[in-house]
Amino acid sequence: MTISRTICVAALACAVSAVGGQARAQQQGGPAPAVGVIEATKRPFTESNEFLGRIEATNRVNVVARVTAFLEKRDFVDGAEVKAGDMLYQLERGPFEADLAAKQAQVAQLQATLVNAKLTTDRAKTLLSGPAGQQSTYDAAVANQQSLEAQVKAAEAQVDLSRINLDYTQIRSPINGQIGRTAVTEGNVVSPSSGVLTTIVSQDPMYVTFPVSVREALALRSRYVPRGGFKAVVIRIHLPDGRLYDQVGELNFVNNTIVQNTDTITLRGTIPNPPLKDQTSAQGAIRELTDNEFVTVSLEGVEPVQFLAIPRAAVLSDQQGEYVFVVGADNKAEQRRITLGQSTPTVAAVTKGLSEGDKVIVEGLQRVRQGQPVSPGPASALIQSVMANSSDTAASKSGGGLGPNPAGATP
């Protein structure tokens with residue numbers, strides 16, 4: 001037993017000695033690990049920030065009755081698109097027409113009385129030049145005439161009011177838009193206290209509103225105001241199913257107050273909402289955007305900016321932040337701490353830590369150590385293709401701020 005243990009210990013010692021000798025040999029003169037490198041080059045990035053937003057109609061009208069009457073007819077289909085001036089509801093007109101006729105007759109009666117009063121005034125004025133004329137008679141005639149003139153004006157105002165009420169029996173659409181379902185049907189009595197009869201919302205264009213944290217708003221302002229303000233950005237939206245909407249919007253409003261409980265400020269833009277081609281329903285044209293719909297809003301810069309670009313796979317991270325390995329003097333690996341800007345899933349934009357032309361190690365990173373000699377070569381065709389064909393839009397989601405994006409996972 002003692003001899004066996006001695007043999008095992010000796011064998012283990014020999015194995016350790018052999019491994020150590022190989023390691024020393026590799027450090028002293030062994031082959032350097034092969035790595036794939038790519039040069040850091042400047043390329044345009046379209047800056048983009050994502051926020052959760054909501055689609056809102058630019059115009060919204062709650063249709064209500066202005067007079068009390070029976071509803072005789074409804075002239076629209078629920079959900080259809082209507083034009084400004086289209087008839088929506090017709091109320092009973094008879095009582096209002098009778099009231100208007102009575103008011104007009106009263107005006108005619110007062111006007112006839114006024115004509116007689118004017119004649120009386122004229123006679124009293126003529127008599128003043130003779131011995132039978134009295135000033136008091138003339139003054140009374142003038143007062144009676146002026147009183148009748150005032151009564152005529154009041155009666156004419158009542159006629160106007162009756163005519164307005166008669167017009168209210170025909171409820172028409174004040175805007176172009178899509179009408180909702182009706183809350184009342186024919187035969188019911190409606191009045192101003194009946195509430196909303198139906199709602200109309202405009203369709204094209206639509207508003208898109210989204211809250212932005214104050215920190216992000218300040219960063220956006222410092223970034224885009226020198227480039228033209230609202231004209232320096234465009235709005236793109238992703239629909240709830242993830243599809244990119246094919247229309248582009250423009251930013252046109254920043255609210256004048258901050259929401260205290262969320263520390264956000266509301267931004268708003270407009271975006272077209274035309275009918276979809278070759279798609280109609282019984283209600284009319286179908287449109288992509290709907291009032292109060294939740295969407296993902298991308299606020300993109302109009303003009304791309306230049307950043308040093310490297311493959312995302314080259315970026316490593318630890319507790320101190322992001323770093324890469326570059327091939328330095330004598331083909332030795334050097335660790336470089338970097339700062340990332342807004343990046344894409346495949347390409348990282350470096351704002352600090354690298355210079356144009358630096359050879360960044362992107363393949364073989366698992367064999368690289370600080371100061372270790374390496375054997376650099378061009379990166380694979382796949383990496384080259386990724387750098388050549390990747391999207392140049394750099395996105396930052398709301399809530400993550402406008403600072404560096406997290407680096408990709410360590411390869």
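Write out the GluC sites (Glu not before Pro) in region 135-188 meeting two conditions: DSSP loop, and at most 12 other Cβ atoms within 10 Å of their Cβ. Could the numbers behind the result be given before it?
On the way: sites: Glu149, Glu156, Glu186; in loops: Glu186.
Here the GluC sites (Glu not before Pro) that fit, given the DSSP loop and packing criteria, are Glu186.
Points 7 angstrom from Cα along the Cβ direction at Gln146 and Ile164: gap in nanometres?
Each label point lies 7 Å from its Cα, and together they span 2.8 nm.
Can you bin every Cα-Cα distance in region 94-167 into 10 Å intervals starting at zero and give me the percent of pairs per bin, rounded to whole numbers?
Values per bin, smallest distances first: 21, 33, 22, 15, 7, 1.
Could you tell me which of rounded, prolate or oblate describes region 128-231, using a ≥ b ≥ c as the square roots of the eigenvalues of the alpha-carbon gyration tensor, with rounded for a/c under 1.5 and, failing that, prolate when a/b is larger than b/c and oblate otherwise?
Oblate.
Within a Cβ distance under 15 Å of Gln247, other residues only, what is the Lys/Arg minus Asp/Glu net charge? Don't skip to the answer; put the middle values down first.
Working: positive: Arg236, Arg243, Lys277, Arg287; negative: Asp204, Asp246, Glu250, Glu288, Glu293, Glu300.
With Lys, Arg at +1 and Asp, Glu at -1, the net is -2.
Any of Lys42/Lys277; Lys83/Lys231; Lys125/Lys153; Lys42/Lys231 with alpha carbons more than 30 Å apart? Name them for me.
Lys42/Lys277; Lys83/Lys231
Taking K and R as +1 and D and E as -1, what net charge do the other residues with C-beta under 10 Å from the C-beta of Lys103 add up to?
Result for the neighbourhood of Lys103: -2.
Sorted from fewest to most neighbouring beta carbons within 10 Å, what does the list Phe210, Phe230 look like?
Phe230, Phe210
Give, as a single signed number, the net charge of other residues whose beta carbon lies under 14 Å from the beta carbon of Arg74, with Lys and Arg counted +1 and Asp and Glu -1. Present the calculation step by step, with values, prior to reporting the outcome.
Details: positive: Lys73, Arg172, Arg181; negative: Glu72, Asp75, Asp78, Asp86, Glu92, Glu186.
Once positives and negatives cancel, what remains is -3.
Bear in mind that the values in this text are calculations on the coordinates, not laboratory data. Just so you know, these numbers come straight off a predicted model, no measurement behind them. Heads up, the Cβs are rebuilt from the backbone with ideal geometry, glycines too, and the neighbour counts pull from every protein chain shown.
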